[in-house]
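Only the coordinates and a few stated rules stand behind these numbers; no lab work does. As the structure is a prediction and not an experimental result, all values here were calculated from the model. Here the Cβ positions follow ideal geometry from the backbone for every residue, glycine too, while neighbour counts run over all protein chains shown.
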Amino acid sequence: MNINVRPRRSLLYMPASNSRALEKSRDLPADVLIFDLEDSVSPEKKALARNEAIRAVNSGEYGAKELLVRVNGIGTEWIEDDIKAVVSSGAHGILVPKVSSTKDIMFIEDYLNTYGAKKDFSVWAMMETPQGILSSNEIAKVSKRLVGFCIGTADLSKDLGCSHPPDRSPMILSLQMVILAAKANGLIVVDGVHIDLGDNEGYRESCIQGKSLGFDGKSLIHPKQIELANTFFSPTMDEISNAKEIISAHKVATKEGKGVITLNGKLVEVLHVEQAKDLLNRASAIADLEKEIKL
């Protein structure tokens, strides 16, 4: 599957120390599973979690899902052992917490090269510190391994000293800065988690807001959140139909020597055609992944 169009609508964090949860996640319809060695794992269980994560990604039982491992933070006693274990496993990449500068990514890349990571082994950065937000554009350019950003609103709100309401209004500027940096540099950008599992309406609103802001998907902490994320971050049938109409109308116009046309009363230019093609590529990739998961 082309890494640039691989679906990332739903990214589910799984505590890697919980082997039962890892087994259950095999049949979940999440696009991406993140086996967590960091926040959800107590210090005395770090080695256990690492071993369980490696066993899981090497099992070959997760089908077409993208498998990432969130390693422990830079500066911790576990980071080198985490990377050493993960690069030789079946994981597609690592998620690095609290990335604040280009030096952080270079530090990780040095370890990856030291331990023989394959060229297509990916790096994802958690954007959850004020310095990281301010440096997001520079960070986005620093490594060819870097595939995407994941927002961490809980840590960000703590460091900013701001409230964390469902609409994330105190952090909107921060979210938009990371989205801008990602989109300007061709990276995937994923919204943060909605931590109140009992607030179904708030979660729904956060998905709507995330898509409208330009996020490509949503980070999740519970399987019950998957369906809604997959729904909101998938192209709708109307969007797919409209995209096909745009491409078809543009082909006709091109044959007639027209550069600009109108469709259903709206102006259609080359940029709209490119957007339509991107949307259809995403829809096709989602259909392929869902077909493989169901097999």
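Listed by Cβ neighbour count within 10 Å, with the fewest neighbours leading, V5, V32, V252 appear as V252, V5, V32.
Distances between placed amide hydrogens fall under 5 Å for L146 paired with V123, all partners being 5 or more residues away or on another chain.
Using helices alone, I'd like the mean residue ellipticity at 222 nm for the chain: each DSSP H run of four-plus residues gives -39500 (n - 2.57), total over residue count, nearest 500. Please report the intermediate quantities before stating the final value.
Working: 12 runs with 137 residues, N = 295.
Taken over the chain, the calculation gives -14000 deg cm²/dmol.
Judged by the ratio a/c of the largest to the smallest principal axis of the C-alpha gyration tensor, the range 201-288 counts as prolate, that ratio being 1.5 or greater while a/b is larger than b/c. Computed over the range 237-294, the alpha-carbon pair-distance distribution with 10 angstrom bins reads 23, 45, 21, 9, 1, each value a whole percent.
Among F232, F107, sorting on how many other beta-carbon atoms sit within 10 Å of each Cβ, with the fewest leading, yields F107, F232.
Rounded, prolate or oblate: pick one for the range 60-116, where a ≥ b ≥ c are the square roots of the eigenvalues of its C-alpha gyration tensor, a/c under 1.5 means rounded, and failing that, prolate if a/b is larger than b/c, else oblate.
It is prolate, given that a/c is not under 1.5 and a/b is the larger ratio.
Starting from the Cα gyration tensor of the range 10-232, take the square roots of the eigenvalues, sort them a ≥ b ≥ c, and report rounded, prolate or oblate (rounded when a/c is under 1.5, otherwise prolate if a/b is larger than b/c, else oblate). The shape class here is oblate.
Normalised Debye scattering of the range 39-171 at q = 0.14 Å⁻¹ gives log10 I(q)/I(0) of -0.66, counting only Cα atoms as equal scatterers and leaving out solvent.
Kindly flag which residue pairs out of K84/K211; K118/K224; K141/K244; K119/K158; K118/K183; K46/K158 have an alpha-carbon separation exceeding 30 Å in this structure.
Over 30 Å Cα-Cα: K84/K211; K118/K224; K141/K244; K119/K158.
Take 162-172, 40-50, 261-271, 77-87 and order them by the average number of nearby Cβ atoms within 10 Å per residue, most first; the result is 77-87, 40-50, 162-172, 261-271.
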